[in-house]
Amino acid sequence: ERGKPIPETLVEIWQANAGGRYRHKKDGYLAPLDPNFGGCGRTLTDDDGFITEGSFNNFLIVSNGELISPEPRNILLGVTRGDIIELAAQEGIPYRESNIGVYEVLNADEAFYCGTTHVIMPVCKVNGHAIGLSAPGPVTREFIQAFKRLVGMDYEAQGMWYARRHDTISAAAG
């Protein structure tokens, strides 16, 4: 829907400790994050430094029109991720699984989280670097619209209402 902002998030990439995927240390940052940025999600890496997932969600990128997910060896095989992969096939969007490094993320056209909590959340900056045009891209927007049709509800409007009610976005955003 034109003129309606999509909530966006900023991401901080953390590297996992050898002891477990969800235990992280402050010196595990792959790049510094400006402390003035707010609303940061955390994207985790495996022991080899490849992106795995967010704290409670999957992380995907779009590069040259292709949807790319981290290899499934170290990620949660989320239900919403599976739905996104099916929607990609239905919409004719190429899909593959690959090791994703920080370089690939920073040079992606688009990036987003997907999961039960917020369904699809565009990622516009990573460690202070813009992803694509630093706005939700056309493939991400297509997934948002397709998912709304799939589930039969406007979760985007519901999220915006919740964010405003709890003052987590500015009134100027929409």
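The values are calculated or read from the model by the stated rules, or taken from the named source; none is laboratory data. As the structure is a computational prediction, the values presented were derived from the model and not from experiment. As a convention, Cβ positions derive from the backbone with ideal geometry for all residues, glycine included, and neighbour counts pool all protein chains shown. Surface areas here come from the heavy atoms of the whole protein model, side chains and all, with no ligands, DNA or RNA. Shrake-Rupley method; radii C 1.70, N 1.55, O 1.52, S 1.80 Å.
Amide H contacts under 5 Å for E110: V62, restricted to partners 5 or more places along the chain or on a different chain, H placed in the peptide plane at 1.01 Å from N.
Listed values for the range 147-157 are Karplus-derived 3J(HN,Hα) couplings in whole Hz (6.51 cos²θ - 1.76 cosθ + 1.60, θ = phi - 60°), namely 5, 4, 5, 4, 8, x, 8, 8, 5, 5, 5, and x replaces Gly and Pro. Along the range 55-71 the Karplus relation, 6.51 cos²θ - 1.76 cosθ + 1.60 evaluated at θ = phi - 60°, assigns HN-Hα couplings of 4, 9, 6, 8, 10, 10, 10, 10, 9, 6, x, 9, 7, 10, 10, x, 4 Hz to successive residues, with x for each Gly and Pro.
The calculated FRET efficiency for the pair L133 and Q90, based on their C-beta separation and a Förster distance of 22 Å, comes to about 0.30. The calculated FRET efficiency for Q145 paired with R73, based on their beta-carbon distance and R0 = 41 Å, is about 0.85. Counting only heavy atoms of the protein chains and using a 1.4 Å probe, R81 has close to 10 Å² of accessible surface.
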